[in-house]
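Read through the structure below, which is laid out as structure tokens, and then see the notes.
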Amino acid sequence: MLYLITPDGIVSTSEASLGEALVDAQRGRPLARQPWQTQPSVAGGVSPEKVLAIALRHGVDATIGLVVHGGFIDQALEPERLRAAERNQNRIAAQLESIAAEPRHEDRDWHRRQRAIAEEARQAAGGSIRRAEAAAEELMDAPVKDRLARAWQRAGGLVPAS
């Protein structure tokens, strides 16, 4: 998936791969004329500001705006997706624990093992979140590319201060 951000703050997407879109551009159909679908103001949890920040670092000039590969967007959104999954899992675990009956004596070892497995899973999820946060931070810490900032300004956009 590709994301297009234009100076008016509109985010559009295309199911084409970046390779396909660039080959089409070489054949005479520029990125600006790809089949773009305009997305609601916060498509899939990604704001136009975040798309622009990523596109200024990892994008491609599309004349009317900047195009960025969806993998970069996914990487930036991954920490929040994992945190939401963790919150949901914790909520479900708390609900189940609140309705669980006291285990019979012969079942206590099984319940202890299950709690140990659940704790290992929580710790692994925490590690996944930390790795996703580090990757997203690295993505956003990349410097803005001058050529992309100039392309954005030529399209009529203002480059954010940070």
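Read the figures in this text as sums done on the coordinates, not as results from a lab. The shown structure was predicted, so the numbers you read here are calculated from the model rather than taken from an experiment. When we count neighbours, we look across all protein chains shown, and the Cβ atoms used for this are built from the backbone with ideal geometry, even at glycine.
How far apart, in nm, are the 7 Å Cα→Cβ label points at residue 47 and residue 131?
2.9 nm
How high is the FRET efficiency from residue 26 to residue 146, r the C-beta distance, R0 22 Å, rounded to 0.05?
After rounding to 0.05, the efficiency reads 0.35.
Calculate for the chain the 222 nm mean residue ellipticity that helices alone would give, adding -39,500 (n - 2.57) per DSSP H run of length 4 or more and normalising by residue count, nearest 500 deg cm²/dmol.
Helix contribution divided over all residues of the chain: -19500 deg cm²/dmol.
What FRET efficiency comes out for the pair residue 81/residue 161, r = Cβ-Cβ distance, R0 = 25 Å, nearest 0.05?
The calculated FRET efficiency here is 0.35.
Packing-wise, with mean Cβ within 10 Å as the measure, how do 112-121, 58-67 rank, highest first?
Result, highest mean first: 58-67, 112-121.
Kirkwood Rh over Cα pairs of the chain into Stokes-Einstein at 37 °C, 0.692 mPa s: D in µm²/s?
178 µm²/s
Defining a contact as two alpha carbons under 8 Å apart and six or more residues distant in sequence, what relative contact order in percent does the chain show?
29 percent
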